[in-house]
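K.L.:
I have a structure I would like to understand better, so I am pasting it below and will then ask my questions one at a time.
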Amino acid sequence: MNAPRTVVLVGNPRPASRTRAAGERVVAGLTGREPDLVIELADLGPELLDWTSERVTGLVEAVAGADLVVVASPTYKTAYTGLLKLFLDRFAIGQIGGVVVPLMLVAAPQHALAPELVLRPVLAEISSGPVLKGLAVHDTAYDEESSYAGWIETVLPTTTRLLGAGPAPTPSLSTTGAHA
């Protein structure tokens, strides 16, 4: 059986961010390996506003066809970034077919519900596959295993079954070298 195709979609306006590192940790924790593709929306810049961009269209298709998509954003004004919104607006209702994970880095306890309240609903709209329970990670603890362990333990059996990946992998939450 082939390994699931995995994508991390990073909505942080700063490349190589803690948001990216968190998304990569989630994929590693759920699959035991690094993501196949990491899309840094910051690298697309104004191209996100060009609805004729073949590169953006290709990335939309890559996300839509992935088996596991981690959608990661920092919390801005209790919501996900406008950069991520520009990209998500490209998707038709039900276009994403794989398992989707809403992930947000938060700076304050009152933002802990943001993945569930603001990101998960839009992902449910554009997904035909399951959207997992959202994960909020405090931005100062993005590199701590404890920020992910309980959530991964909760969703890993279901995710493994949905991905058809055989026995659940041993979570691998190695620290990445991302910048803040």
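Since every read-out is calculated from the coordinates, none of them should be taken as a lab result. Just so it is clear, the structure is predicted and the values come from calculations on it, not from any experiment. When we count neighbours, we look across all protein chains shown, and the Cβ atoms used for this are built from the backbone with ideal geometry, even at glycine.
K.L.:
Sticking to Cα atoms, compute the Rg of the chain to one decimal and its Dmax as the biggest Cα-Cα distance, whole number, in Å.
P.N.:
That works out to 14.9, 43 Å for Rg and Dmax.
K.L.:
For residue 3 and residue 117, compute 0.36 nm times the residue count separating them, minus their Cα-Cα distance, and round to one decimal in nm.
P.N.:
This chain segment gains 37.9 nm when fully extended.
K.L.:
Please give the peptides 145-153, 46-54, 25-33, 83-91 ranked by average Cβ packing (other Cβ atoms within 10 Å per residue), highest first, as a rough proxy for protection.
P.N.:
25-33, 83-91, 145-153, 46-54
K.L.:
From the Cα gyration tensor of region 27-109, with a ≥ b ≥ c the square roots of its eigenvalues, which class applies: rounded if a/c is under 1.5, or else prolate if a/b is larger than b/c, or else oblate? Don't jump to the answer; show the numbers that get you there.
P.N.:
Values: a/c = 1.71, a/b = 1.10, b/c = 1.56.
In terms of gyration-tensor shape, oblate.
K.L.:
For the pair residue 57 and residue 141, what calculated FRET efficiency results from E = 1/(1 + (r/R0)^6), where r is the Cβ-Cβ distance and R0 = 35 Å, to the nearest 0.05?
P.N.:
Numbers: r = 36 Å, r/R0 = 1.03.
About 0.45, to the nearest 0.05.
K.L.:
Now a separate question. Got a sec? How would 156, 135, 59 order by Cβ neighbour count within 10 Å, fewest to most?
P.N.:
With the fewest neighbours first, 156, 135, 59 line up as 156, 59, 135.
K.L.:
Full extension from residue 92 to residue 47: what is 0.36 nm times the residue separation minus their Cα-Cα distance, to one decimal in nm?
P.N.:
Roughly 14.3 nm would be gained on extension.
K.L.:
Something else: With just the Cα atoms defining each centre, how far is region 101-128 from region 1-69? Give it in Å.
P.N.:
Distance between centres, Cα-based: 16 Å.
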